[in-house]
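Take a look at the structure below.
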Amino acid sequence: MADAPDIDLDPIGAVQRTPVGREATEPMREDIRLLGAILGDTIREHNGPEVFDLVERARVESFRVRRSEIDRAELAARFSGIDPGRAIPVIRAFTHFALLANVAEDIHRERRRAVHVAAGEPPQDSSLAATYRKLDAADLDATTVTDALRGALVAPVITAHPTETRRRTVFDTQRQVTELMRLRLHGQSRTSEGRDIEVELRRHILTLWQTALVRLSRLKISDEIETGLRYYPAAFLEVIPQVNAEVRTALQARWPGAHLLEQPILRPGSWIGGDRDGNPNVDAGVVRLATGRAARVAFAHYFSELTALEEELSMSARLVTVSDGLAALAQTCHEPARADEPYRRALRVIHARLTATGRQILDEQPEHELDLDSEPYRRPEELLADLDILDDSLRSNGGAVLADDRLSRLREAVRVFGFHLCGLDMRQNSEVHEQVVAELLAWAGVHPDYTALPEAQRVELLAAEISTRRPLIGEGAEISELARKELAIIGAGARAVSVFGPQAVPNYIISMCQSVSDLLEAAILLKECGLLDVSGAAHGGEVYTPVGIVPLFETIDDLQRGASILQDALGLPVYRSIVAARAEHQEVMLGYSDSNKDGGYLAANWALYRAELDLVDAARKTGIRLRLFHGRGGTVGRGGGPSYDAILAQPPGAVNGSLRITEQGEVIAAKYAEPQIAHRNLEALLAATLESTLLDVEGLGEDADPAYQVLDELAGLAQRAYAELVHDTPGFVEYFTASTPVSEIGDLNIGSRPSSRKPTASIADLRAIPWVLAWSQCRVMLPGWYGTGTAFEQWIGGDESRLAVLRDLYRRWPFFRTVLSNMAQVLAKSDMGLAARYSELVDDVELRARVFDKIVAEHERTITMCTRITGHDDLLADNPALARSVFNRFPYLEPLNHLQVELLRRYRAGDEDERVQRGILLTMSGLATALRNSG
């Protein structure tokens, strides 16, 4: 179910001036009814009246359950013993309805924004227009802005996710439906080709219905790479250059002469194919595939745009004057048919040189090549220089209007995408680094048992080794398969840097970084593969370090110690030289998922805030420029929620002109599947970054320390309440495994990555995605709230003055307000009645009662405390967009949950019918689509 604030599609919930009652939302309901009716007609026509009647009865009874007219046990009974062959079309029907309702809600947000604009209202928060007004009011000087935005970067980083399993056909057809509904929004009944829109909707919905929603075989990493890359032609290639140009122009107009954002601020990244933490399927070939395919997408775009430009820039030398540079560039194209068309000849020279470049560096050539036996470009800057010659010639000779069109967009694209398209981060767990480095040191005779050394001796040994130029091993080294594989992977990264440029692999991330030696072990491996050379640093020589070393602090304990680890590392001359060579930039990644799994929602959020405060202080003391990378997931339990609000909720100094943020799963499609929505979401990221960097958004002033003390106490209470259930309750793991589909997430070929880092039944070793996904599927959503109600209740303790303190913090402090708002969204989406159905999958009755009763009691307690602090009886009082969604569409989730329980019961009882397994997979996909931020 679409949750607008979670995916930053509409900030309508903030300040309402135009009507938002039933009259305002009726157009959305009309759209839902239209799409639902077409889907119903399609089901009846192609699967028969019996299937249609079953779907329709389930739909009607689901709404009766919501109105409390019948008990949900009656609906559950309808699916008891259902034949899998009949269950699957029902599951598909409700999944497709959720997908189409997502389209209707997205279109409605566009409609509501148009209403606001027509009413002459000020630009809304999370838009760049609103941000510019705030910056203008702040009257900032150019020096302050220039320093704050030095090295500015906003990077959405696309990651693989097991709940995003839609095939390209489904993805593309959904885009077509969106565009048709957008035409209806603007009052049109026919397409530009004269086709009837409703007939076209019926055609596309039939295509959806007759296309398998998900693959039946386990996704390969190559599939995930292609899934991640499809957002570039869908939206990024068009929108990112556009947004970069818009924000640069706006800021340079406000502070002329400051040379702001000369490098693109918005630069995308990826983890798909470079993240091998717990994924044995990643190898050197995968890294080469990921970087090569990405580059191919960039080149294909450039070839297409150059071809289009050649058609458009047809000006004749008999009619226009050109610059000397343009004439010289065109001179090398000797085609008589174009003798008087200098721009076309120049473009053919560029096209031919880029073709030669592609043939030299790409493994797979795109279409639209042009072979003129030309010299290849060595760097993207050379391509850009030639395009700049065209731009200068046009502008110097009355053609600025032409230069501002396709050519301008292409130049912006080359600036941001280069030859690499997007930066591929590499990531591995610190335990693997330790094992491999120990093996290399032993083979080289440096130390026979590195792992036995205490931390201080490890650091001393590693620092000395990094400072030398010599490698630890040669070609004939007898090392383990693990060590050989790890070095080959990093070597593939080194190749990508050499071939596509340093932006191709910008970062090396260390999962579970817990010490200075963890940082230095990664440096050893980068050095061994030619991605690090600091041997000349001691004598003032140049340091080569194209790839940044990024510690990832994940558990609450690691977050608390992260700043001291960073400071200790920066105290080492060898590590400081690495950071100095990267313009004093040090990136640190913060893990939202594992910290939540470790200590619960409130404790994790506060640990992250405290860690950022400490890291900002460490950066100030050491004189480095800190960039934070937020490892957020789609759900609130993994750091999800409105990106704009989340960024504004960061502590002072934490953003500092730059941030990177992971984007995962079905949330990616919700935010970036097509240009208009992508523009809106990317704009929100930039707006929040600028405001957090240049304005005081925390709002606590001198009251910060007392507020921090309150949260210290609340976090401690919440962590104890969470630990009492998750870590200390006997049989909790058994309850979790039985009452959720967590085991099936691993068994049913969802995603390329195993659901656990290693074979274990421990919650600690379970990956955060299946942990959160499983609780979302069964509608408990425990990671997004558990322990918080107890913490509030115990801290207030009946003292009304303490309740007043929390109410004041909710009113004044963006961090606290965001924590409660996100939690309220989760509570509104949870359903203890459906959760009870899942609890029946636990055979041990006593265990079922012991755990589920605690969950229900804490759920009630948390809702009560949340409403007392916020002053809202309705959990979604500050989020009418989500409130509309919950009211209109949550009943359609009900059949999916009941069918999932029914099929899980059979699967676990030994039913080997392939349709049972497929049905479970489809319910997972359907619920993920409907919840829209489930993992």
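Within the stretch 548-567, the set of residues being within 30 Å of ALA494 (Cβ to Cβ) and of a type in the set (A, V, I, L, M, F, W, C) comprises ILE549, VAL550, LEU552, PHE553, ILE565, LEU566. In the stretch 903-917 there is at least one residue that is more than 27 Å from GLU61 (Cα to Cα), in contact (Cβ under 8 Å) with a residue 12 or more places away in the chain, outside any helix (DSSP H, G or I) and more than 33 Å from the chain's Cα centre (by Cα). Just one of the numbered conditions (1) of a type in the set (Asp, Glu); (2) buried (at least 19 other Cβ atoms within 10 Å of the Cβ); (3) within 30 Å of ALA137 (Cβ to Cβ) is not true of GLU262: (2). Within the stretch 425-460, being without any contact (Cβ under 8 Å) to a residue 40 or more places away in the chain and buried (at least 19 other Cβ atoms within 10 Å of the Cβ) holds for ALA438, LEU441, TYR450.
So, restricting to helices (runs of 4 or more DSSP H) that lie completely within the stretch 129-245, which ones have at least 2 residues that are farther than 30 Å from PRO280 by Cα?
Values: elements: 142-148, 168-185, 197-209, 221-229.
So the answer is 142-148, 168-185, 197-209.
Say whether the condition of being in contact with a helix residue (DSSP H, G or I) (Cβ under 8 Å, 6 or more places away or on another chain), part of a loop (DSSP other than H, G, I, E, B) and farther than 16 Å from GLU521 by Cβ is met by at least one residue in the stretch 484-494. Before you say what the answer is, go through the steps one by one.
First, the residues of the stretch 484-494 that are in contact with a helix residue (DSSP H, G or I) (Cβ under 8 Å, 6 or more places away or on another chain): 485-493.
Filter once more, keeping what is part of a loop (DSSP other than H, G, I, E, B): none.
No, the stretch 484-494 contains no residue that is in contact with a helix residue (DSSP H, G or I) (Cβ under 8 Å, 6 or more places away or on another chain), part of a loop (DSSP other than H, G, I, E, B) and farther than 16 Å from GLU521 by Cβ.
Does the stretch 469-482 include one or more residues that are out of contact with any Cys (no Cβ under 6 Å at 6 or more places or on another chain) and assigned to a helix (DSSP H, G or I)? Can you show your working first?
The first filter runs over the stretch 469-482 and keeps only residues out of contact with any Cys (no Cβ under 6 Å at 6 or more places or on another chain), leaving 469-482.
Subset that is assigned to a helix (DSSP H, G or I): 481-482.
Checked against the condition, which is being out of contact with any Cys (no Cβ under 6 Å at 6 or more places or on another chain) and assigned to a helix (DSSP H, G or I), the stretch 469-482 yields at least one hit.
Kindly establish whether LEU54 is aliphatic (A, V, I, L, M) and modelled with pLDDT of 90 or more. Yes, satisfied. Consider PRO895 carefully, then state whether it is more than 27 Å from PHE736 (Cβ to Cβ), in contact (Cβ under 8 Å) with a residue 40 or more places away in the chain and surrounded by 18 or more Cβ atoms within 10 Å (Cβ to Cβ). Criteria not met by PRO895. Here VAL115 meets each of (1) at pLDDT below 90; (2) closer than 23 Å to PRO241 by Cα with one exception, condition (2).
Within the stretch 88-105, does at least one residue satisfy the condition of being out of contact with any Pro (no Cβ under 7 Å at 6 or more places or on another chain), in a helix (DSSP H, G or I) and more than 21 Å from GLN174 (Cβ to Cβ)? Spell out how you get there, then give the answer.
First pass over the stretch 88-105, keeping only residues out of contact with any Pro (no Cβ under 7 Å at 6 or more places or on another chain): 88-89, 91-93, 95-105.
Then drop every residue that is not in a helix (DSSP H, G or I), which leaves 88-89, 91-93, 95-105.
If we keep only those that are more than 21 Å from GLN174 (Cβ to Cβ) as well, we get none.
Checking the stretch 88-105: not a single residue is out of contact with any Pro (no Cβ under 7 Å at 6 or more places or on another chain), in a helix (DSSP H, G or I) and more than 21 Å from GLN174 (Cβ to Cβ).
Of everything listed in (1) surrounded by 21 or more Cβ atoms within 10 Å (Cβ to Cβ); (2) more than 28 Å from VAL239 (Cβ to Cβ), the single unmet condition for ALA337 is (1). Within the stretch 735-745, at least one residue is surrounded by 20 or more Cβ atoms within 10 Å (Cβ to Cβ), touching a Phe, Trp or Tyr at 6+ places or on another chain (Cβ under 6 Å), assigned to a helix (DSSP H, G or I) and modelled with pLDDT of 95 or more.
When the stretch 787-809 is limited to residues that are of a type in the set (A, V, I, L, M) and surrounded by 18 or more Cβ atoms within 10 Å (Cβ to Cβ), the one that is nearest to VAL851 (Cα to Cα) turns out to be ALA791.
ASP392 passes every criterion in (1) in contact with a helix residue (DSSP H, G or I) (Cβ under 8 Å, 6 or more places away or on another chain); (2) farther than 28 Å from MET315 by Cβ apart from (2).
When the residues of the stretch 89-148 are filtered to those that are of a type in the set (Gly, Ala, Ser) and under 30 Å from ARG44 (Cα atoms), which remaining residue is surrounded by the most Cβ atoms within 10 Å (Cβ to Cβ)?
Going through the stretch 89-148, the residues of a type in the set (Gly, Ala, Ser) turn out to be 93, 98, 101, 104, 114, 118-120, 126-127, 129-130, 137-138, 142, 148.
So of that shortlist, the ones also under 30 Å from ARG44 (Cα atoms) come out as 93, 98, 101, 104.
On the way: ALA93: 28, ALA98: 23, ALA101: 24, ALA104: 24.
Among those that are of a type in the set (Gly, Ala, Ser) and under 30 Å from ARG44 (Cα atoms), it is ALA93.
The single condition among (1) over 22 Å from the mean Cα position of the chain (by Cα); (2) free of Cβ contacts under 8 Å to residues at least 60 places away in the same chain that HIS108 does not meet is (2). Here SER762 meets the list (1) surrounded by fewer than 23 Cβ atoms within 10 Å (Cβ to Cβ); (2) modelled with pLDDT of 85 or more; (3) touching a helix residue (DSSP H, G or I) at 6+ places or on another chain (Cβ under 8 Å) almost entirely, failing just condition (2).
Checking the stretch 546-555 against the condition returns a match, with at least one residue being crowded, with 19+ Cβ neighbours inside 10 Å, of a type outside the set (Val, Ile, Thr), under 27 Å from the mean Cα position of the chain (by Cα) and part of a loop (DSSP other than H, G, I, E, B). Residue-level check: of (1) more than 17 Å from ILE661 (Cα to Cα); (2) under 27 Å from the mean Cα position of the chain (by Cα); (3) touching a residue at least 40 places away in the same chain (Cβ under 8 Å), ARG582 misses just (3). Does ALA308 qualify as being in contact (Cβ under 8 Å) with a residue 40 or more places away in the chain, in a helix (DSSP H, G or I), buried (at least 20 other Cβ atoms within 10 Å of the Cβ) and not polar (S, T, N, Q)? No; evaluated as a whole, the condition is false for this residue.
Is it the case that THR321 is surrounded by fewer than 21 Cβ atoms within 10 Å (Cβ to Cβ), touching a helix residue (DSSP H, G or I) at 6+ places or on another chain (Cβ under 6 Å) and among the β-branched types (Val, Ile, Thr)?
Values: surrounded by fewer than 21 Cβ atoms within 10 Å (Cβ to Cβ): yes; touching a helix residue (DSSP H, G or I) at 6+ places or on another chain (Cβ under 6 Å): no; among the β-branched types (Val, Ile, Thr): yes.
Against the criterion (surrounded by fewer than 21 Cβ atoms within 10 Å (Cβ to Cβ), touching a helix residue (DSSP H, G or I) at 6+ places or on another chain (Cβ under 6 Å) and among the β-branched types (Val, Ile, Thr)), THR321 does not qualify.
Could you tell me whether the stretch 709-723 includes any residue that is outside any helix (DSSP H, G or I), farther than 30 Å from ALA142 by Cα and either in contact (Cβ under 8 Å) with a residue 60 or more places away in the chain or not polar (S, T, N, Q) (or both)? Within the stretch 709-723, none of the residues are outside any helix (DSSP H, G or I), farther than 30 Å from ALA142 by Cα and either in contact (Cβ under 8 Å) with a residue 60 or more places away in the chain or not polar (S, T, N, Q) (or both). Name every residue in the stretch 226-267 that is under 18 Å from the mean Cα position of the chain (by Cα), of a type outside the set (A, V, I, L, M) and within 18 Å of LEU128 (Cβ to Cβ), in order of residue number. Answer for the stretch 226-267, where residues must be under 18 Å from the mean Cα position of the chain (by Cα), of a type outside the set (A, V, I, L, M) and within 18 Å of LEU128 (Cβ to Cβ): PHE236, ARG267.
The values are calculated or read from the model by the stated rules, or taken from the named source; none is laboratory data. Predicted model only: the values in this text are computed from it and were never measured. Neighbour counts run over all protein chains shown; Cβ positions are idealised from the backbone, glycine included.
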